[in-house]
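This report concerns only the one structure given below.
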Amino acid sequence: MRRFVIKAVAASVLGLAAAGAALAADPAKKDIVIGTTVGDFGDMVKQSIKPILEKQGYKVKLVEFTDYVRPNLALQEGALDVNVFQHKPYLDNFVKEHKLNLKEAFQVPTAPLGIYAGKIKALKDVKVGATVAAPNDPSNFARALVMLADLGWVKLKPGINPLTASERDIAVNVKKIKIIPLEAAQLPRSRSDVDFSVINGNYATSSGIKLTEAIYQEKSYAYVNWGAVRTADLAKPWAKDVVAAYNSPAFKAFAKQKYAGYKLPQNWN
């Protein structure tokens, strides 16, 4: 009996030690520097991710950027440990173009591209010759075309790359849609002049439009943004702790409450 008690106590002590280890920072790295663009991704770090990691013993520093070039260069150079601001097609292209050793590690809630009502208030009321404003940059224009194809308003040529689709790739314009390319920042203001407007999530929210007002959102997860790390760091304990924080029940609850209408990471489904 005494031997059993001793074993039970020992097992309990080991269990507590294991639990403590699970919440402890990587002894090889105590400080984590996360870079994001200004706005929601930075807020996610400040309001949820940083507290989660600091409870494990890490010190977390946030660096916010106003451009889409420096975060990847800073990560490659070691000024950052993680960055959060980009979708995978952008990351893949940037890595290839600049010959970097960076890798996507986890998805984050992302304000999606959506179709918003203009003169016409419901998708079912679309008419032949309807006008649709869309972002004029090639990447987002391709996304808009895929959305129109998903709705059956146009048919795209078979075998095209949906990430690079252009107006030339429309095989049949079923609804004879008139697509009006505009600078992304102008799209929220275009709603009174067109039947529908395809608006980037960040420009919608910055203009006071709720993402839940979208009457259609893109189905694809290709443009849900990722957190990236240096390829050599991907398997390190601290990096795994960052990934775990972004997939934790606490962060999921925070994001679902704060970011209504956002497209959530695919592995959360």
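Numbers below:
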quantity: Test: residue in the range 75-91 that is out of contact with any strand residue (DSSP E or B) (no Cβ under 7 Å at 6 or more places or on another chain), in a loop (DSSP other than H, G, I, E, B) and at pLDDT below 90; calculated: no
quantity: Whichever residue in the range 240-251 is more than 16 Å from residue 59 (Cβ to Cβ) and among the aliphatic types (A, V, I, L, M) and, among such residues, is surrounded by the fewest Cβ atoms within 10 Å (Cβ to Cβ); calculated: 250
quantity: Selection within the range 221-239 - touching a Lys or Arg at 6+ places or on another chain (Cβ under 7 Å), open to solvent by less than 50 Å² (accessible area, probe 1.4 Å) and over 24 Å from residue 201 (Cα atoms); calculated: 229, 238
quantity: Selection count, the range 96-112, where residues are assigned to a strand (DSSP E or B) and open to solvent by 70 Å² or more (accessible area, probe 1.4 Å); calculated: 1
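A quick yes/no check of all residues on (1) without any contact (Cβ under 8 Å) to a residue 24 or more places away in the chain; (2) touching a His at 6+ places or on another chain (Cβ under 7 Å); (3) within 19 Å of residue 261 (Cα to Cα):
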{"site": "161", "(1), (2), (3)": "yes, no, no"}
{"site": "168", "(1), (2), (3)": "yes, no, no"}
{"site": "171", "(1), (2), (3)": "yes, no, no"}
{"site": "174", "(1), (2), (3)": "yes, no, no"}
{"site": "179", "(1), (2), (3)": "no, no, no"}
{"site": "189", "(1), (2), (3)": "yes, no, no"}
{"site": "196", "(1), (2), (3)": "no, no, yes"}
{"site": "230", "(1), (2), (3)": "no, no, no"}
{"site": "234", "(1), (2), (3)": "no, no, no"}
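Condition check ((1) open to solvent by 60 Å² or more (accessible area, probe 1.4 Å); (2) more than 25 Å from the chain's Cα centre (by Cα); (3) closer than 19 Å to residue 89 by Cβ; (4) modelled with pLDDT of 95 or more) across all residues:
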{"site": "154", "(1), (2), (3), (4)": "no, yes, no, yes"}
{"site": "162", "(1), (2), (3), (4)": "yes, no, yes, no"}
{"site": "177", "(1), (2), (3), (4)": "no, yes, no, yes"}
{"site": "181", "(1), (2), (3), (4)": "yes, no, no, yes"}
{"site": "184", "(1), (2), (3), (4)": "no, no, yes, no"}
{"site": "195", "(1), (2), (3), (4)": "no, yes, no, yes"}
{"site": "198", "(1), (2), (3), (4)": "no, no, yes, yes"}
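So that you can scan it fast, the table gives a plain yes or no per residue for (1) without any contact (Cβ under 8 Å) to a residue 40 or more places away in the chain; (2) within 16 Å of residue 34 (Cβ to Cβ); (3) open to solvent by 20 Å² or more (accessible area, probe 1.4 Å):
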| position | (1), (2), (3) |
| --- | --- |
| 75 | no, yes, no |
| 94 | yes, no, no |
| 114 | no, no, no |
| 123 | no, no, yes |
| 128 | no, no, yes |
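The values are calculated or read from the model by the stated rules, or taken from the named source; none is laboratory data. Keep in mind it's a predicted model, so treat the numbers as computed, not measured. Here Cβ is always computed from backbone atoms with ideal geometry, including for glycine, and neighbour counts include all displayed protein chains. What goes into the accessible areas is simple: the full protein's heavy atoms, side chains included, and nothing from ligands, DNA or RNA. Shrake-Rupley method; radii C 1.70, N 1.55, O 1.52, S 1.80 Å.
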